[in-house]
Each structure stands twice: as structure tokens, then as C-alpha cells.
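This report concerns only the one structure given below.
The values are calculated or read from the model by the stated rules, or taken from the named source; none is laboratory data. Everything numeric in this text was worked out from a predicted model, so none of it was measured. Cβ: placed from backbone, ideal geometry, glycine included. Neighbour counts: every protein chain shown.
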Amino acid sequence: PPSQGWGGSDKAPGLVAAAADHVAELHPVLQLPTSARRGYALLPPLLKVLSDRGQRGWASEVPRLQPDSRALRYMKRLYKMSATKEGIPKAHRGHLYNTVRLFTPCSECRHRHGDLGKGDLHSVDLLFNLDRVTALEHLLKSVLLYSFDTSVPVSSSITCICHLSIKEHDFSSQVCPSISHSLAFSLHFEVRKRKWVEVDVTPFLQPLIATHRRNIHMAVNFTCLMGDPQQSTKLENPVNVALVPPSLLLYLNDTSEQAYHRWNSLRHGRKSPARGRQRSSPSGGKGSASRASR
Amino acid sequence: QRRDENLKAAPAAPPNNLSEYFKQFLFPQNECELHNFRLSFSQLKWDRWIIAPHRYSPQYCKGDCPRATGHRYGSAVHTVVQNLISERLDPAVPRPSCVPAAYSPLSVLTIEPDGSIVYKEYEDMIATRCTCR
């Protein structure tokens, strides 16, 4: 019923909104007044997603891009590390993010160049579309996520030299339409332990994401050899690593009202909405205020 | 004489359950408290894009608020005032309601329309305590 604050409240009951959407889809005559629909825009993002999806999902099967199965497996593992079975976020030191987004490169750009016949040089051009990153999501860390399918015998060590260049299309200057920043680094890992290799590209992407760049275009080429440079074994016979184009993983801090800010609840004893204000103790508010800050 | 009349009118409470007898004056039978509610996203047919958690227990608050809420519910003094207004001055003013007083967050793994995958932690998704307001 309208009295339930459907209007502009961003705390409107989203699940009920989704159900109302569903009913409205089935019986258009029951369309909610436009003011109530405007209210949906303020729903917490999750419930808005649900109520929107609910509408499209129920009423018409909108074709939806299915995620890459490897990426899905990785994110399920990340979920298990970050939350309990009931979905309660786990509090551990390194867990500063409240949002993690995984993007797979858009399919038409996954062309490879470089002669794979040599079995070692892999070069791939990647374009990531970051439309889903909101203005209130600030980047904490970004990672290229490689899953290695390799026929290399288990527990052998691999060293890869990686050359990453990001192509920025700088339309302002006619002389060099695209600037590229490049980075070369070596990766060493044991095949046994890892199905995933994370390449930290935070310094690279920070400026692009901070300026809300929607598309990130990068070229990555990889040369992988057997052996471990530390143990002065000579790097020989290139490894024929079936390199799947990497996904881009963004660890973000969502600063919006509806996102969970653990440091708030840890440090200031998050105010429960029912006790909007701290009741000042008889010894005057100062006591409780200094206690809260301590 | 009036005292004798009152004594005759009051139901004689057997001495052994005096506490029960007085409780009916102190707290309502179905007192305001937190109730369990579990839903699975597959019931709502949302499990195609909500990958985890499979089950979600938002809980809810239900029950009558006693007249003297005081510290028991962490209610503000305003709640007692609202009760008095409703009882003494204007019955159109609603009595205090039993609502959530504290929440805990929920982590959700969803698939976005563009096929990307997002892990998000949302605030205030599970009621953990009730109050009268």
C-alpha cells in the first residue's frame, strides 16, 4: 500500500517491489503510480537489480550474457573465503573491499597475433568494458587473472616474462592517437599449487578507473619458459602453455549508503537506525562521545 | 465498604501463581520480538543471477508493545509519550510499532546483465534486534 513509503524512500521494501513488479507485469491494469516507480530508482542497488530483473526475468526471457565458467568458479571460491554460508561477511584484516567485480574480455577482441607455432610467444589484445563500475566504487586493487591449462608435468616451475601495454585512445592529439604505457615483469610459480595466476596491474589501471574510463584496451604478451631464475637453472625449452585470455578483477570500496562499511561498524559501533541518536548519559554527552571516539 | 466490594469483584488468584497473575498486567502475551524467516532465491526464481547465498534469512519483528517500554526495548522516551497520546488524547494516533532496531549485512554474488560477475556486501539486510517506536 502507498502508505508503506513507496515514494522516494531508498529503503522501500525492495523484495515487495519486485513482487509488485511481477504482479504489474501480469496485470498491467495494476500498474503502480509513476511516483512509486520513481521510488524504485532509490532502492538499494541489490534490490533494484532484483526488482528490475524480476520484471524482465519474469515477463520476458531477456537473453543474458552467461559468464565464463572458469570465472564463475573463481568467484564462488572468493565468496566462500569472504562470507559464511548464510551470507554474513567474514571480518578479517586484509578484507577491506566490499565489492569485487570480475570482467571477461569482450569476445570480438580476443584475437591473438604472434606466431603460436613457436610454442612460446603468446600475445593477446584485450578490451574490457567497465560500464558496471559505479562512480561511488573506488579502486583498491586490480588484477589480471590467468587460469593456466598446461600439459607441463606437475610440480615443475615456470617463469614467464610478461609485457603489458595499455592503449589509451587519446582523441585530443592528432599526432599520436593512441598512447601506450607498457610494463614488463617476470612471473615465477609452481604449476602444482596454482590453477590461477594473479598479475597485479593496480598502478596501471588506477588512473584510468579514477577517471571512470568505460573501456580499457590492453595488449599482453607472454613468454613462458621452464625453470627458476633464482636457482640459476638455465631457462630452456619454452612451455607450451594453453593461455586462456585473462579476466580483469577489480577489488573496490563501494562508498554508497547501502554498501556495508566494516570499519564503520568496527570503530564507531554503527548506530542502529532505531536509536538514531546516542542517548546522552546523565554525566553529559561528553563521556559517551569520548568513549565512542576511543 | 468499597474495599470489601472491590475484593469481591477481583478474581481470587490462587497464591501459587501470583507471578503469572501479575504478568498479564505487565507484558502483552505476544510481546514484540524477532521472528525467523528464511527464503531461498530459487523460490523467487532469482537464482539464475543470484549465485550465492542460496538461502537468505531477513528475519522480521512482530508483537505488541507494552505500555511502559522504557529501557527494556531501548525505546526513546517519545515512545511512552506516543502511547499516552494514543490512549488518553487521540486514538487516531497509532500506538508504537514493533520494528527492527539493529541489522547485519549480507554478502551477495550476482551475475550482471553484461555477463560480468560481482561480489557485493550490502548493509542492513538482516534484522537482528527489535524495538518499539
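Would you check if there is a residue in the stretch B:108-123 being surrounded by fewer than 17 Cβ atoms within 10 Å (Cβ to Cβ) and either in contact with a helix residue (DSSP H, G or I) (Cβ under 7 Å, 6 or more places away or on another chain) or more than 12 Å from chain A (Cβ to nearest Cβ) (or both)?
No, the stretch B:108-123 contains no residue that is surrounded by fewer than 17 Cβ atoms within 10 Å (Cβ to Cβ) and either in contact with a helix residue (DSSP H, G or I) (Cβ under 7 Å, 6 or more places away or on another chain) or more than 12 Å from chain A (Cβ to nearest Cβ) (or both).
Taking B:ARG48, is it among the basic types (Lys, Arg) and in a loop (DSSP other than H, G, I, E, B)?
Values: among the basic types (Lys, Arg): yes; in a loop (DSSP other than H, G, I, E, B): yes.
Against the criterion (among the basic types (Lys, Arg) and in a loop (DSSP other than H, G, I, E, B)), B:ARG48 qualifies.
For the stretch B:81-100, what are the residues that are within 8 Å of chain A (Cβ to nearest Cβ) and either crowded, with 21+ Cβ neighbours inside 10 Å or in a helix (DSSP H, G or I) (or both)?
Taking the stretch B:81-100 first, the residues within 8 Å of chain A (Cβ to nearest Cβ) are B:99-100.
The one that is within 8 Å of chain A (Cβ to nearest Cβ) and either crowded, with 21+ Cβ neighbours inside 10 Å or in a helix (DSSP H, G or I) (or both): B:PRO100.
Is it true that B:ARG67 is under 28 Å from A:ILE88 (Cβ atoms), at pLDDT below 90 and away from chain A (no Cβ under 11 Å)?
Details: under 28 Å from A:ILE88 (Cβ atoms): no; at pLDDT below 90: yes; away from chain A (no Cβ under 11 Å): yes.
Spelling it out, it is not the case that B:ARG67 is under 28 Å from A:ILE88 (Cβ atoms), at pLDDT below 90 and away from chain A (no Cβ under 11 Å).
Of the numbered conditions (1) out of contact with any helix residue (DSSP H, G or I) (no Cβ under 7 Å at 6 or more places or on another chain); (2) surrounded by 10 or more Cβ atoms within 10 Å (Cβ to Cβ); (3) at pLDDT below 85, B:ARG38 fails exactly one; give the number of that condition.
Exception for B:ARG38: condition (3).
Does any residue of the stretch A:217-231 turn out to be part of a loop (DSSP other than H, G, I, E, B), over 26 Å from the mean Cα position of the chain (by Cα) and modelled with pLDDT of 60 or more?
Of the residues in the stretch A:217-231, the ones part of a loop (DSSP other than H, G, I, E, B) are A:227-228.
Within this subset, residues satisfying the condition of being over 26 Å from the mean Cα position of the chain (by Cα) are A:227-228.
From the residues that got through so far, the ones that are modelled with pLDDT of 60 or more too are A:227-228.
The answer is yes; a qualifying residue exists.
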